[in-house]
Every structure is written in C-alpha cells, then in structure tokens.
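The values are calculated or read from the model by the stated rules, or taken from the named source; none is laboratory data. Keep in mind that what you see is a predicted model, and the values were worked out from it rather than measured. For neighbour counting, all protein chains shown are included, and Cβ atoms are generated from backbone atoms with ideal geometry for every residue, glycine included. For the accessible areas, the whole protein counts, side chains as well, though only heavy atoms, and no ligand, DNA or RNA atoms are used. Shrake-Rupley method; radii C 1.70, N 1.55, O 1.52, S 1.80 Å.
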Amino acid sequence: KEISPLDCIDSLIERIQEVDININALPTLCIDRAKEHAKKIMGIEVNKRGLLFGLPVAIKDLIDVSGVRCTSGSTIFKDRIAEKSDILVENIEQKGGIIYAMSNTPEFGAGANTFNEVFGKTLNPWDTSKSVAGSSGGAAAALATGMAWLAHGSDFGGSLRNPASFCSVAGLRPSPGRVASNTSGIIDQTLGVNGPMARNILDLALLFDAMLGENYKDPVSVPEPNMSFLSHAKEKRKPIKIAISNDLGLPPVDPIIRKKINEIGVELQKKGIIVEEAHPDLSKAPFVNETLRSFSFYVNLKLQYINNKNNLKPDIIWNIEKGKSLSIDDLEKAQNGRVELYNNMQNFFDDYDLLLCPTTIVPPFPVEERYLKSCDGIEFSNYVEWLNIVSAITLTSSPALSLPCGLTDEGLPIGLQIIARYRNEASLLSGAAYIEENIDFQNPTPINPLI
C-alpha cells in the first residue's frame, strides 16, 4: 500500500503529458474509467486484488475496451465506442489490471510500420525520424519511454515482436490458445495471437500470467498451467544446448544484425552452453504465410472491401485481393505446407532447448517508408516479404519472444528472437531470463525521446 493504483495512474499521466507529444504512442486515454476501477480495487483486501494488484496496462487499439474509443486505426471506425470489452480485457481486469490507454496501431493491424489516418504516425523514441515497426508500435514506444509498465500486443506476422525489437523492449508471442480472445472470421484460427509486452522478462511473464485463461467463447483456448510462468522465469534456468541462426535460411539479413547474433552465440558459449549453428527447414514459409495471411484478410475484411474500399490503405486492398484470387489448390498447398513447417520445427527441439535468431532483419528504418523496400541488396515486392524471419515462426505455432540485445553504433535497437517448442513458454521465459541476466546488453530504458 506504499504506492496505490491511483498513484500509478497519476504518475503515468504526468509522463504521458511530458513525452507523448514527441512520439504519439497513446492517442486515446481513458483516465476516468481507470480511476474508477482503481478505487474499486483499493476497496478490496490486498491479497484479494488479483495478480496485478492494480497495475495499469495499455491495450492495443485492435481490442475492445467497454466505454472507450476503439478505432482499429481505421477512419471507418474513428468515432466508434466499444459497448463490451473483449475476453482478453476482462481477464486482465479480473486479475487486477487497470486499463488506462489505447496504443496506436496501423489500420486493422496491417503493415509493420505504425501509422494510420486517424491518429498519424508513432515515432521511435531512440530516433524520432525512425519507425517503431508494427503493428504493436504504440505499445512498444510507450514502454520504452516510461508511459507504460505493461502493455498488450498482438502478433500475426511479427506484429508484437517487430516493435519490441525496434524499441528495445520485450515482447512474447505465445502458443495459440494461451490467451483467450473474442472470435471472429476464422473460428479456429491459430495465426493471430495476443501477448504481453514489457521492459524485461520478469515483467513480461507477470503480464502473461494475467492474460491466461480458458474461455468457452474462444474454441482454441486452453486452461492455465499449475505453475505460473513468472515462477519459471524467476528460475532463470541455463539452457544446455541451443541452436543459433543468422537468417533461418530465409535471407536477407543486414550484416550489422548478423554480426550481433554471432557475438551473442560466442558469449553464450563462454557461459558453458553448447551452441550450434542450425535451424529447421522453413523454406516453404514465405508461400504459406502469404497464402494463409491473404485468405485471413479476405475472410475478415471482405465486407469492408465491398462497402468501404476507398477508406482502406493500398496494402490492405492488396492483401484482400490476393486472398480473393486464391484457388482451392493454393489453400491445399498452404495448409499441407504449414503442417510440414510445424513438424519440422517441433522435431527440431528434440535436439535443442532453444533456437535463437534475429527478430528483425534490419535496425529501425525511416518512418516515412511504408515498409522496408530492400535489405542487403535484395528488393521486396510487397509489405510482408521483409517479415519472413518472424512470420515463419508464426506458422510453426512455437512460442517466440523478442529480447533487447543491444544497439547499433548509431544507437538503434536490435532484437534477439528466442523460440521454443510448442506450449513450452516455461523454458522459453526461463532461458530468456538467463540470457538477459548473463549478457550485458546495455539497454537503458525507459528513455526520453531522442529528437
């Protein structure tokens, strides 16, 4: 009781007023709602306040929070007020979390650069001329600048991991089913998931525990485990044998990033960990990802395409039209290809505890670029090709997180992607906590925006 939930909210308001004008990470605040919830929590015995005890949490503007403006970054919904909260929000609030802000996201979460026509661009606090990636860019920037201690993100093709990498924070994409959410479109979809973001692994595990829970409204959701993931993370277990890869066999990767990953491998070997250069065969991932992603866009956004095409950005229109043009043979090939990718990844962990690789293939790029156009001499033809190193992991259902692992000579963040076997978040978080503690990556957050 030395610090109350109201104290936390007031502290965040002060910080937001001080720095958000420079980065635009949290365009929608719901402070009155948050304070009402805080007062209710303060009226409960301390040991009955839930796992978070009244800690404020920022929610990405793709998830409904009752009574709050929820736009999905689209002009179509720019004035929409959600009537009922998503299952995810209900779970967080039931476990003592307080929702105080909505974080910025690209339109419908599409595109790994956080900008939209409702709120504008979110700028990278490490260099405000750079992108925060996306689509959980507002969440990552808020964490990096001290406008959030805990934040929700979501991840389809790296939407949570990419911003974590670009902003030097931590983000976890859990196995499908761990975090229940309202169902729409494809009822049993396992590509898009929700997950926690924070500044370090222990905070990440804490919020993850608060997100867990089976719910009959989400048919792929699973029960909470007996032991908390925070307990696993606190153990900081040293991996015995890890695999490390510069590119997962899916080039290109910027030489700066390759060098950093190699250096991490050397450091881990010095700790007595067996480190081998290896990765599973993920060569089919680019085709499978583009196909299944496009099909999902067509299912979820077909009506918006018909009724509001003029309000959709070109990248979304491209994705929907690609989905519309798919044949049944395309879908068959993609579904069978995903099974192969899943098996390749899970069998890979018969020999390794963890797989390490880059989170993003480049450091943060200029915010004016809609997406990365080229890397190491290779040109990209669309906005998803540069994301292969994260979207490939999505297809395998393995949990993966991005851990801050240092800065370039220009002071831009680099993220280390750590991957584990399906539903083995326990080893993932514990191993990541060991790496975080035993290698000095020198990532001083929170920071003031560097203008």
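Applying a threshold of 7 Å to beta carbon distances and a minimum spacing of six or more residues, or different chains, the list of pairs starting in segment 365-386 at a residue that is at pLDDT 95 or above and ending at one that is small (Gly, Ala, Ser) and surrounded by fewer than 15 Cβ atoms within 10 Å (Cβ to Cβ) reads 366/129; 367/129; 380/374. Take the residues in segment 399-424 that are surrounded by fewer than 24 Cβ atoms within 10 Å (Cβ to Cβ) and among the hydroxyl-bearing types (Ser, Thr, Tyr); name whichever of them is farthest from residue 279 (Cα to Cα). Among those residues, the one meeting the criterion is 408. Scanning segment 47-81 for residues that are assigned to a loop (DSSP other than H, G, I, E, B), open to solvent by 10 Å² or more (accessible area, probe 1.4 Å) and farther than 25 Å from residue 118 by Cα returns 49, 50, 51, 53, 55.
The residues of segment 1-32 that are open to solvent by 60 Å² or more (accessible area, probe 1.4 Å) and not hydrophobic (A, V, I, L, M, F, W, C), listed by number, are 1, 2, 7, 10, 14, 17, 18, 32. Within segment 239-251, does at least one residue satisfy the condition of being farther than 30 Å from residue 301 by Cβ, within 19 Å of the chain's Cα centre (by Cα) and of a type in the set (Lys, Arg)? No: segment 239-251 contains no residue that is farther than 30 Å from residue 301 by Cβ, within 19 Å of the chain's Cα centre (by Cα) and of a type in the set (Lys, Arg).
Within segment 379-398, restricting attention to residues that are small (Gly, Ala, Ser) and assigned to a loop (DSSP other than H, G, I, E, B), the residue that is surrounded by the fewest Cβ atoms within 10 Å (Cβ to Cβ) is 381.
Pick from 230, 248, 268: which is on the phi > 0 side of the Ramachandran plot and crowded, with 16+ Cβ neighbours inside 10 Å? When all the criteria are applied, what remains is 248. Applying a threshold of 6 Å to beta carbon distances and a minimum spacing of six or more residues, or different chains, the list of pairs starting in segment 19-46 at a residue that is over 17 Å from residue 115 (Cβ atoms) and ending at one that is charged (D, E, K, R) and surrounded by fewer than 19 Cβ atoms within 10 Å (Cβ to Cβ) reads 41/49. The residues of segment 224-259 that are of a type in the set (Gly, Ala, Ser) and not in a loop (DSSP other than H, G, I, E, B), listed by number, are 231, 233, 243. Screening the candidates 334, 278 for the property of being touching a residue at least 60 places away in the same chain (Cβ under 8 Å) and over 30 Å from residue 75 (Cα atoms) yields one hit, 278. Selection of strands (runs of 3 or more DSSP E) fully inside segment 125-223 by the criterion of at least 2 residues being polar (S, T, N, Q) and crowded, with 23+ Cβ neighbours inside 10 Å returns nothing.
Residues that are over 15 Å from the mean Cα position of the chain (by Cα) and in a helix (DSSP H, G or I) are absent from segment 400-408 altogether. In segment 85-94 there is no residue matching the filter, namely being touching a residue at least 24 places away in the same chain (Cβ under 8 Å) and at positive phi.
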